[in-house]
Amino acid sequence: MQLIDHYFIMLERRCNAMGKKHRFMKAGVYTYIVKGYEAYTVKRPRDDHDGKLTGFSPFDGYEKLFFPLHLSESHWGLVVILMMQRKIIYYDSSSGYAEVDLQIFKRWLNECAGALNVPDFSADDWIVEDMKDRVPQQTNCLDCGVYAMMFADFLSDDLELSFNDDAIDFFRIKIAADIMRGQLSYPIS
């Protein structure tokens, strides 16, 4: 989990530097949503004692929200919420691995809107897409985390998911090098 969280922090930094309004959630957020805990840290940003703003609202002008999904403690998938297009999209490199209730993200958005008093909001009619049969697929049971990170990497820059299983060893080395260096090795653009 920590590896994916760290990589997602670097992706968010790159997007911020490029002027993109994307939010990369921590790996544990999906578990909170599924278990029905308060809608993550849904509150208006506030000034803490150190002057930093805290809190998170999906309605603060974000274009994309990225959720890594840790499924059954052994598999990774990715959900991307496209706020402007009103879409919730699931990406999975192992199409037959697990069924994910994507409606839970509609409920989460509605709970967030209620908690934040967002007027006239409902995600009930949002489009939900399961892309797991239309994305690159892994050929073993080890690479799902690499695929989830690369899906997020490519999608955060509006690139097609045009890689295949032959590129995964390269991506694994790239991810390790980027994390050791503390930044992404290249801006995708």
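Derivation of every value follows stated rules applied to the coordinates shown; laboratory data play no part. This is a predicted model, so every value here is computed, not measured. Because the Cβ atoms are built from the backbone with ideal geometry, glycine has one as well, and the counts that use them run over all protein chains shown.
Numerical summary
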read-out	value
Segment F59-H6, length gained on full extension (0.36 nm per residue, minus Cα span)	16.7 nm
22 Å Cα-Cα threshold exceeded, pairs from K21/K132; K20/K132; K64/K106	K21/K132; K20/K132
Cα long-axis angle, helix 144-156 against the chain (0 to 90 degrees, to the nearest 10)	60
FRET efficiency for V118 and L159, using Cβ-Cβ distance with R0 set to 41 Å, rounded to 0.05	0.85
Positive minus negative residues near S156 (Lys, Arg vs Asp, Glu; Cβ under 12 Å)	+1
Computed lengthening from S95 to T139, 0.36 nm per intervening residue step minus Cα-Cα distance	14.8 nm
Residues R86, R23, R107 arranged by fewest to most Cβ contacts within 10 Å	R86, R107, R23
Exposure proxy ranking, count of Cβ atoms within 10 Å, fewest first, for H22, H6	H6, H22
Distant-in-sequence amide H partners of L71 (H built 1.01 Å from N, under 5 Å)	W76, G77
The chain: Cα Rg divided by the 2.2 N^0.38 Å rule of thumb	1.02
Chain lengthening between V34 and D125 when straightened (0.36 nm per residue, less Cα-Cα)	30.8 nm
Charge-dipole axis of the chain as Lys and Arg at +1 and Asp and Glu at -1 on Cβ define it, positive-most pick from Y91, F66, M18	M18
Cα shape, the stretch 128-189, gyration tensor, a/c 1.5 rule	oblate
